[in-house]
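Have a look at the structure below, then the notes.
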Amino acid sequence: MITRRNLLAGSAAGIAASAAGFTLLPAALQAQGMPTVKEVLFDPEIPVLGNPKGDVTIAEFFDYQCPYCKKAHPDLMEVVKADGNIRLVMKDWPIFGAPSFHAATMALAAQKSGAYPAAVAALMATDGRLSLEEINTALRGAGLDPAALQAAHDKKPDWINGILRRNDAQAEAFRFGGTPSYIVGTRIYNGVMDKKALLSAIADARKG
Amino acid sequence: MIRDSHTENTALRTIVRRLASLLLCLFVWTLPAGAAPLPVDEAFALHVSEAPDGGLAFQWKIAPGYYLYREHIEAKTADGGAPLPLETGAGIAKDDPNFGTTEIYYASAEATLAAPGDAPIALTYQGCQEDGICYRPETRVIDPLTLAVTAQGGLVAPKLSLWTPSPTATTADPATDRAPESTAAAPAFELAEDPGLIPSLMARGGVILVLAAFPLFGLLLAFTPCVFPMYPIMAGALAREGERLTPRRGFVLSSLYVLGLASAFALLGAAAGWSGQNLQMVLQSPWMAGVLALLFAVLALSMFGLYELQLPARWTNALSRGTGQGSGSKRAAVVLGFSSALIVGPCVTAPLAGALLYIAQTADVTLGAAALFGLGIGKGIPLIVFSTLGGGVLPRAGAWMDTVKQVFGFGFLATAIWMAAPLLPAGLELFLWAALLIGFGTYAFVHWPAERPGVVLARTASLLALLYGAVLTVGAAAGSNDPLKPLAVFAGGGAAGTSAPPLVFAPTGSTETFKAQLAGARGDRPTMIYFTADWCVTCYTIERSVLPAPDVKQALGGFQLVKADVSDVDPANTELMARLKVAGPPTMIFFDKDGKETAGARLVGDINRQTLTASAGLAMER
């Protein structure tokens, strides 16, 4: 019906429709951007274990309550130490709820006093599931003060929360199924790696 | 589809990253030895069924060497609401130092939910591969009505990467990594990747094209009655110039007038872009339409010489004081233009509704302002031409001017009827048109003396108007409501469009109900959802003139019709609008039988018989 509003509205809409029509391109599929090597392996807020100037980086996405992460941790540390030229970046990816977040936060907060390696070692030496108190006990055993760490974090919560958010976004982008997941060089490995697997992955990374 | 936050990366960033990836890309596919963990849906295959008691039963088939934690199986309402009481069977209490005392399930696990209700349920679970990996918590959204299971994870996998993929991803295309549950149970609805007007203009020609398109729209709108008041206003301003009027001066003054008008429009565009809201809610309210209709009637009476409408003398004086007469009238022209937009602006929002919605969607202040500024300029171009040419040839004000004014008066009355029509009872509109035509016919006959030139033309117009006015009166009396086909009621052996029963719309007000409605029609017939509101004047026209048309009824006959009334904004319908990417009423979205939006069929803003039947046809074909 060509009447009233439709008369003029139709003309405007017709132009609009035809303009839209001939520009009807399929919207570019929005591929999810992948994080860069720098973002994942060289996050300036995450301390480096092993040799900070090493030629190969191992990043482990892990959770302090993940039993296999902890079981495999001594092997990993041994390999890193024996090699001597490896940067180890522990990427906290808490997937087991509140205690995991607490443990990750405490350990990262310890880097201010240079006690990060001790905190990681203490928490990785625990068994299975953890309560908040068990985490604090483990930290105290390594000579750390959980209350002070908590206070430091509460003063600037965005700092560690930002690290955890970045890690989570990266894990999401890599579509990691869970912990532990590793990146050695630029290769991705899902699930626990024993000594042998680590050594061969490092060798592959050096081959390029 | 469901996850939006991650796909909201700006396209630019994606492109930059892709380029970086391409440059750095070094693909070496080396697979480490060892039992690579299974994709989570193979490790824990979820099956949902209806329990005998009407509840929901969740069953996991757990692959050998994998286990689920009892304590990590949880159900919530999918909108992030309250936890739902799940019943789970006793698991195996592992008293291993590695686990602490956790109950776990091997081989299979079951959970039941007694009273699921109708809202989608988010089921979360978590497990591990023995000596391998601990999966992150997995969440699946279950529609209790269709038992459809949807993954809450992102389904789009990156194609280009500087990272060498994991062994699990190499067993299948990363893109289909999580596909099983998403294809087995399609998501409740899927929107077409259909950019709006402005985005598509942007995609095609960038900002330039958007900015070029709007003056063009404006030019088209310039020939609508809404813009007519500008002419006598401008003519009046030019007439006051007296002896000093030249084409150059006509051009300068009208350009300044248009500049003022366009600036007012730019403010409107900025407001639309800034608020991201549908300004129509205000501009298109029946109140606004009613006030404008009244305003046009008042203007018309002024044109007939009942009274003189002018800016208060104090204002005009203030404006012409200062730097002398010349710049005073220039300033007056700008102010006149700006204030004219108050009339012209709301009057054209019906045809503009679409553009305003799109601007609101882009939520870009500068773009919105620039686009509507262009629109205002476009609207003023004929006026500038008129003033420039007229500046040279216009006779001085006199009897000539009065005739022009009175003709404009009829134009204003027509605009008033046109504005008010959607608000009036259906039959009344035709009577008003008839009265206007008969009034015009009589006027032309009486006011055009036989000795004046052009009398034949005037009398012909007069008689035609009288004749058509009479026809309209007959049509209106017979119950017709189409001014262009007043006698169609006699041709069809009954009132036009009453042969088929009216279209019936099922109400909907939330994503959940709409999903259920879509699911109900799945595989059977397509669905059309229509967003409307009390305050949407354009919607009145659609409901009165478009939907009852026989061809529209026929085109929509095979559809499930759903209507979302958003007169009252509440969280549920706001969420529905957000999910369907609807900026405001009127909007019609077409879904095919599989619940997928038909690309290119969506109608926004002005909807007429042609566009509606065309869109319905598109959706039906699928």
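Laboratory data are not the source of any read-out in this text; all were calculated from the coordinates shown. The shown structure was predicted, so the numbers you read here are calculated from the model rather than taken from an experiment. Please note: Cβ atoms are built from the backbone with ideal geometry, for glycine as well, and neighbour counts cover all protein chains shown.
The distance from the alpha carbon centre of segment A:175-191 to that of segment A:59-74 is 12 Å, rounded to a whole number. Each of B:Trp535, B:Trp274 was scored by other Cβ atoms within 10 Å of its Cβ. Listed from fewest to most, they are B:Trp274, B:Trp535. Inter-chain neighbour count for B:132-144: the average number of beta-carbon atoms from partner chains within 10 Å of each residue's beta-carbon is 5. For A:Tyr64, no residue 5 or more places off, or on another chain, has a built amide H under 5 Å of its own. Taking amide H as placed 1.01 Å from N in the peptide plane, the amide H of A:Asn51 sits under 5 Å from that of A:Ile86, A:Arg87, A:Leu88, each at least 5 places away or on another chain. For segment B:40-152, the residue among B:Ile104, B:Leu46, B:Ala115 whose Cα projects farthest onto the positive side of the dipole built from Cβ charges is B:Leu46.
A Förster radius of 41 Å, combined with the Cβ-Cβ distance separating B:Glu110 from A:Ser200, puts the computed FRET efficiency at roughly 0.50. Principal axis analysis of the Cα atoms in segment A:37-207 yields extents of 46, 30, 27 Å, listed in decreasing size.
Arrange A:Met124, B:Met419 by Cβ neighbour counts within 10 Å, fewest through most, would you?
Details: A:Met124 21, B:Met419 27.
Ascending Cβ contact count within 10 Å gives the list A:Met124, B:Met419.
Assuming charge only on the beta carbon of Lys and Arg (+1) and of Asp and Glu (-1), the dipole of segment B:509-621 about its Cα centre is about 280 debye to the nearest 20. Suppose R0 equals 30 Å; then what is the FRET efficiency for B:Leu487 and B:Val455 from their Cβ-Cβ distance, rounded to the nearest 0.05? Step by step, r from the Cβ atoms, then E = 0.50. Averaged over the residues of A:190-202, the number of partner chain Cβ atoms lying within 10 Å of the residue Cβ comes to 4.
Residues of A:164-175, mean number of Cβ from any other protein chain within 10 Å of their own Cβ, rounded to a whole number? If you can, show how the numbers build up before the last one.
Values: counts 0, 0, 0, 0, 1, 2, 0, 1, 5, 6, 6, 12.
Per residue, the average neighbour count from other chains is 3.
Using a cut-off of 27 Å between Cα atoms, the listed pairs B:Lys379/B:Lys405; B:Lys330/B:Lys405; A:Lys53/A:Lys91; A:Lys81/A:Lys155; B:Lys405/B:Lys485 include A:Lys81/A:Lys155; B:Lys405/B:Lys485 as exceeding that distance.
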